[in-house]
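The values are calculated or read from the model by the stated rules, or taken from the named source; none is laboratory data. Since the structure is predicted, the reported quantities are computational estimates derived from the model, not experimental observations. Note that each Cβ is placed from the backbone with ideal geometry, even for glycine, and that neighbours are counted across all protein chains shown. Protein only, heavy atoms only, side chains kept; ligands, DNA and RNA dropped before computing areas. Shrake-Rupley method; radii C 1.70, N 1.55, O 1.52, S 1.80 Å.
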Amino acid sequence: MTRVNEDTTFIPKHSSIKFDSENPVKFVQECVEQDGLELTQFILNSFTNKSDLDISLVETLKGLLIRFPSCQQLNWCLPTFKVLFKANTGITSNNNRIILYRKSIIELFDSQIHNLSNSAQSMKDIDVYINLLQSTNDKNLMLSAWGLVLVMFGQSLHRTSHLNELLSLTEATFNSTRLTLRVGSFKAWKRLILNFTFGEHLYNQKRINLILIPIWNCIEFEKSNAVRETCLECFLYLVVQLTKHSPSYDFIQLVIAPLINFNLDLNLLTVFLNLIVKMIQDIGDENNQFGGIIDDYKLFGASTDILLQHIQPIVTVKDWSVSHFELFLRFLRNVLNSSLVLKNLPLDRLWYFIIRYMEWAWNTGSQSFDIITKFRFLI
């Protein structure tokens, strides 16, 4: 147990550790490890008992969790999470001090995200977490904490009413008049995508459609460039995850086809064209494997350029259907007929894939008449 003196100063003790004269190094290591455990518990107790805010405690806890893996066995998540919503701070949520304090706690959780996602929290506490999210009027805080809960509880949330409760909390923020909330909603939405990758829960048409709903709404209706950019990063983060697995659904119709219905600006058009040519694989390249190492957590804050680099080819040209061929032809025609400046767009690569598909269809006799007819009509 941790001892404290009258001034609530931490005092370690090693009475439970036996000195081994044959291995004094081990004794020192055990003492240090015990100090780490006791200090961690001391900090957690301070979170519960102290009313003032002390960022140094958060930073110390962060260091302890990194230095001593055994500290993970202590139930540090819930008492630390509660501090985010502590009501008796005596200061408003706009105060710089509490903003920095909460930011420090969010960073603490993010520093442990690998450990959190690999060992999901006990579902017995989920109602406490959800109640805390529901209780706050600070919706920016709610969104940051919401994403942490999705990662902490991981696969345990799948197919539960608790997940539905969590999803309902973001409905209003996506449609908020406050720009920061709309941006924060898409940042948090990436955590849902990551949650769905656990146990390969994501790779299902119904769940992909669920994630795409706010993204399509943003692309069609959103006026703010900041929100559109964050939405685009969220979309590409989804595509990066989807291209890790061979789809059991029609990837092109589900993820790419809706784009043809939108009035795209040059930025979106550039990103989507680069996305299309990256996710298509040429005939003969089917055995080529993607060589990049993807850290899903580091990609949370990645730019569109970085995310595009991690998109893997998922559809081979010869696996196109006639409707896919027609879709890409229409998309190409719409781009060429637009009033946008088309410099630096990878139109030649898309055109190459279209010709390759026509060659393959002609050589194999696969619906070649329909393909030539559609080509003549659309071009």
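The figures follow:
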quantity	calculated
Protection proxy ranking, peptides 350-361, 212-223, average beta carbon neighbours within 10 Å, highest first	350-361, 212-223
Computed accessible area, His162, all protein chains, 1.4 angstrom probe, square angstrom	40
D_trans [Stokes-Einstein, Kirkwood Rh over alpha-carbon pairs] for the stretch 131-192, 10 °C, 1.306 mPa s, µm² s⁻¹	136
Computed Kirkwood radius, in angstrom, where 1/r is averaged over Cα pairs of the stretch 93-167	13.1
Ile66 accessible area, assembled protein chains, probe 1.4 Å, Å²	110
FRET efficiency, Arg207 to Lys82 (Cβ-Cβ, R0 30 Å, nearest 0.05)	0.45
Residue-count net charge about Ile252 - beta-carbon cut-off 12 Å; Lys, Arg +1, Asp, Glu -1	-3
Two-decimal Rg/Rh across the stretch 134-255, once Rg and the Kirkwood Rh are taken from alpha-carbon atoms	0.95
Segment Arg159-Thr316, extension gain: residue separation times 0.36 nm, minus the distance between their alpha carbons	53.2 nm
